[in-house]
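To start, the structure under review is shown below, and the notes come after it.
The values are calculated or read from the model by the stated rules, or taken from the named source; none is laboratory data. Computed from a prediction, not measured in an experiment: that's the story for all the values here. Note that we place each Cβ from the backbone using ideal geometry, even for glycine, and neighbour counts take in every protein chain shown. Accessible surface is based on the protein model in full, side chains and every heavy atom, while ligands, DNA and RNA are left aside. Shrake-Rupley method; radii C 1.70, N 1.55, O 1.52, S 1.80 Å.
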Amino acid sequence: TTLETSAPTGQEPPPVRDWPALDLDGTEFDPVLAGLVREGPLTRIRLPFGEGWAWLATRYEHVKLITNDPRFSRAAVARGQVTRLAPNFAPRPGSLAWADQPDHNRLRKPVAGAFTVGAMKRLRPRAQEILDELVDALVHEGPPADLVERVLEPFPLYVVSEVMGVPDTDRDQVHSWTRQIISLCGGAEAADRAKNGLYGWITDIVRARARSAGEDVYSMLARAVARGEIGEEEAVGLAGPLQIGGEAVTHNCGQMLYLMLTRPELMARMRSRPDERGPVFDELLRWIPHRNTVGLARIALEDVEIAGHRIAAGEAVYVSYLSANRDPEVFPDPDGIAPDRDPNPHVAFGNGHHYCTGAVLARLQLELLVDTLLDRLPGLRLAVPAEDVEWRRQTMIRGPRTLPVTW
Ligand code: HEM
């Protein structure tokens with residue numbers, strides 16, 4: 001191939017490594033990723049589904065470069081079958097993740113207002129109320145309890161549903177669709193069924209709200225459609241991932257609490273200096289192995305030289321935010337959790353145009369969850385030995401399946 005002959009430094013292209021989706025227990029850093037990092041800044045990988053291989057950038061510097069460079073396109077990925085983690089692959093029009101500029105800006109505009117720092121400040125009291133109800137029920141029934149089932153799973157869904165404007169009566173149905181979509185279990189068929197269910201439901205709600213003056217996302221989208229700024233299909237493609245994004249909080253917070261429950265010094269720090277939890281959240285976000293393998297690829301639109309290799313036009317590239325967050329050049333002693341780390345320019349929410357739309361919302365929920373659980377359950381501890389905590393299998397986002405606790 002052109003690649004073999006065109007490396008600018010004459011460097012051999014690295015071998016293509018298979019990267020299986022491992023079912024890792026606990027918060028262990030993926031050993032395959034660790035091996036790839038050792039091999040070099042730019043390696044080549046093959047994931048379980050799709051075709052061929054892709055480049056993988058693991059260093060902080062290159063991850064930032066690639067995610068800020070318009071020569072790497074998301075829209076181009078949607079036209080092929082790039083090697084990937086997920087079995088099913090059907091990008092919809094309107095999805096932010098698959099849009100390049102200037103489309104990305106046009107699509108983001110109608111919903112951006114719902115996810116700003118100001119909007120989140122206004123949401124905070126209602127979110128606290130939702131959480132208090134869940135924790136009240138927990139306290140009322142008494143220990144032990146599974147925190148995932150009772151709090152971590154329902155809370156982000158109810159909050160995101162509040163932002164989106166999902167009627168209470170539809171919440172449980174919407175939840176079951178989103179859970180199926182994010183799971184790798186059940187295969188492509190089950191995921192497709194769930195997607196069709198959710199997307200059909202969103203279509204109906206966007207149509208029904210064309211004249212709504214509400215500040216919920218579905219009303220905002222419906223008005224943008226009415227003004228002709230986005231198409232109806234795009235509104236649906238935009239809303240789906242927002243509705244699904246809440247799941248990330250469940251599992252990230254599950255890992256966060258697990259770390260506190262198994263590292264007494266970390267728990268002690270959180271409890272003794274409650275006003276200084278902010279930097280600890282950032283350090284945990286940096287450290288937590290949020291996902292399995294890598295997220296969405298990008299395609300080089302022209303030849304680009306990185307780390308002594310030429311990425312040829314048409315080739316696929318992944319970045320690992322997880323390994324960037326452990327880059328020793330940016331984070332001294334990267335594998336240690338340092339609550340006072342400063343500065344902490346982590347990329348847990350991504351970088352560039354595709355930076356997580358829900359980052360401020362996620363941050364708000366993580367803070368509310370940890371603050372509320374620690375304050376309301378003073379003796380909070382695991383109800384089983386740490387080794388007995390079960391972890392999620394066959395999923396894109398890692399986290400404990402259950403978190404049995406007592407207090
Ligand atoms: C994208 C992390 C919660 C919605 C992303 C990306 C990361 C990320 C790493 C990808 C950046 C890229 O493609 O380069 C997280 C983490 C979360 C979280 C760690 C929780 C702790 C949420 C929530 C929502 C959300 C609550 C929804 C309300 C999205 C959307 C995108 C995205 C729509 C695609 C943005 C785009 O491509 O323009 N997130 N996320 N996320 N996230 Fe999140």
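Structure summary
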{"quantity": "Over 20 Å [Cα-Cα, segment 48-107], rounded percent", "calculated": "35 percent"}
{"quantity": "Only Lys, Arg (+1) and Asp, Glu (-1) charged, at Cβ; segment 212-295 dipole about Cα centre in debye", "calculated": "520 debye"}
{"quantity": "Area of Cys356 that stays accessible when all protein chains are in place (1.4 Å probe, Å², to 10)", "calculated": "50 Å²"}
{"quantity": "Inter-centroid distance (Cα atoms) of segment 84-105 relative to segment 367-407, Å", "calculated": "32 Å"}
{"quantity": "Normalised contact order of segment 63-220, rounded percent, pairs of Cα under 8 Å and 6 or more residues apart", "calculated": "21 percent"}
{"quantity": "Loop-resident sites, segment 145-242, for trypsin sites (Lys or Arg not before Pro), counting at most 10 other Cβ within 10 Å (DSSP)", "calculated": "Arg211, Arg227"}
{"quantity": "Lys/Arg +1, Asp/Glu -1 at C-beta; the chain dipole; positive extreme among Ile66, Gly186, Phe281", "calculated": "Ile66"}
{"quantity": "Among Gln101, His251, Phe29 the positive-end extreme of the charge dipole of the chain (Cβ point charges)", "calculated": "Gln101"}
{"quantity": "Rounded percent of accessible protein surface that carbon and sulfur make up, the chain, 1.4 Å probe", "calculated": "50 percent"}
{"quantity": "Over the chain, volume per residue of the alpha carbon convex hull, in Å³", "calculated": "136 Å³"}
{"quantity": "When segment 87-168 is reduced to its Cα atoms, the Kirkwood hydrodynamic radius in Å", "calculated": "15.5 Å"}
{"quantity": "Percent of Cα pairs exceeding the 25 Å cut-off, where the set is segment 253-396", "calculated": "39 percent"}
{"quantity": "Average accessible area per residue (Å²) across segment 79-146 - probe 1.4 Å, nucleic acids and ligands excluded", "calculated": "52 Å²"}
{"quantity": "Cα-centred dipole magnitude for the chain, charges only on beta-carbon of K, R (+1) and D, E (-1), debye, nearest 20", "calculated": "780 debye"}
{"quantity": "Cα-based reach from Lys195 at 19 Å (exclusive), listing lysines while leaving out same-chain residues under 8 positions away", "calculated": "none"}
{"quantity": "When segment 255-323 is reduced to its Cα atoms, the Kirkwood hydrodynamic radius in Å", "calculated": "15.1 Å"}
{"quantity": "GluC sites (Glu not before Pro) restricted to DSSP loop in segment 309-381 with at most 11 other C-beta within 10 Å", "calculated": "Glu329"}
